[in-house]
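The values are calculated or read from the model by the stated rules, or taken from the named source; none is laboratory data. Keep in mind the model is a prediction, meaning the values are calculated, not measured. Every residue, glycine among them, receives a Cβ derived from its backbone with ideal geometry; neighbour counts consider all protein chains shown. The protein model used for the area step is the full one, side chains on, heavy atoms only, and it has no ligands, DNA or RNA in it. Shrake-Rupley method; radii C 1.70, N 1.55, O 1.52, S 1.80 Å.
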Amino acid sequence: MVFNDELWQISAVRRKMILSMVENSVYNAKRRLWVEQALWRPPEHPWVKLNTDGSWLSETSAMGMGGAIRDWAGMWRGGFSRSALTGDALRAELLALEEGLSICWKGGFRKVNCECDCLGAVKLFQDRPTDRDYLHKHYDVIRRVQRWLARDWVVYVSHIPREINSVAHTLASWGVRNLGSNVFWRSPPDFVLFPLERDSMS
C-alpha cells in the first residue's frame, strides 16, 4: 500500500522521510504560532485603545515618540509622531504615553485602554506606592502623566508584547528619524499601513 508495488531505492525513501519531517515541523511551528501568538484586539464599545511606543538612538540620545488611537471597530481615530533631542529609552516611552493621553483627552475620549510594550513604564502607573517618585530621574514626566490619569475619566494602562505594538513602534521610529517632527496624523500615513492591516486581520 505504501510503495504501490514499486521498487524504491533506499535513498529515495530517506529523502521522502526527511521532507515529511521538515513539512511536519514547519506545520507544528505554524500551529504553535496560531495558538500562542498574541493578537492586537480592538476595545469594547464605547472604549478607544491607545497604543504608544518610544524609540531611542543610543549614538545621539535622540528620542522618538509615537502612538495610535483606534476605536471598538478598529478604526483610526488619530495618531502622532514626535521627536526630542536628548533622553533615554524610558523617557521616550513616558513622553509617548503623556502625548497619547493628552491627545485622547483633547479628542473627547473618556474611556481609554492604553497599551505599551515597556513594562518599566507601565509599572510606574499601576498600584504601587508613589511617595518616592520624586527621586526618579524622570519624575517631571511621571508627575505629568499622573496628573493626566487623575482627571475625570477612566484610563487603564497595561503591558503588551512588542509584537502587537507594531503600529505605535513604526510611528515612533519615524519620529526619531525625523528630528524636529511633531505630527498629528488625522489619517494613517502610508508607512504605517502594513502593520495597521496586520492588526486589522487579527
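What the table shows:
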{"read-out": "Output for the stretch 38-52, where each listed residue is open to solvent by 100 Å² or more (accessible area, probe 1.4 Å) and either modelled with pLDDT under 80 or small (Gly, Ala, Ser) (or both)", "value": "none"}
{"read-out": "Among the residues listed as 86, 52, the single one being farther than 18 Å from residue 165 by Cα and of a type outside the set (A, V, I, L, M)", "value": "86"}
{"read-out": "From 177, 132, 128, 143, residue being open to solvent by 40 Å² or more (accessible area, probe 1.4 Å), in contact (Cβ under 8 Å) with a residue 60 or more places away in the chain and farther than 26 Å from residue 74 by Cα", "value": "177"}
{"read-out": "Residue in the stretch 146-160 that is over 17 Å from the mean Cα position of the chain (by Cα), at positive phi and not aliphatic (A, V, I, L, M) present", "value": "no"}
{"read-out": "Selection status of residue 90, over 11 Å from residue 172 (Cβ atoms), surrounded by fewer than 18 Cβ atoms within 10 Å (Cβ to Cβ) and in contact with a strand residue (DSSP E or B) (Cβ under 9 Å, 6 or more places away or on another chain)", "value": "no"}
{"read-out": "Condition met for residue 120 (surrounded by fewer than 17 Cβ atoms within 10 Å (Cβ to Cβ) and either touching a strand residue (DSSP E or B) at 6+ places or on another chain (Cβ under 7 Å) or within 25 Å of residue 39 (Cα to Cα) (or both))", "value": "yes"}
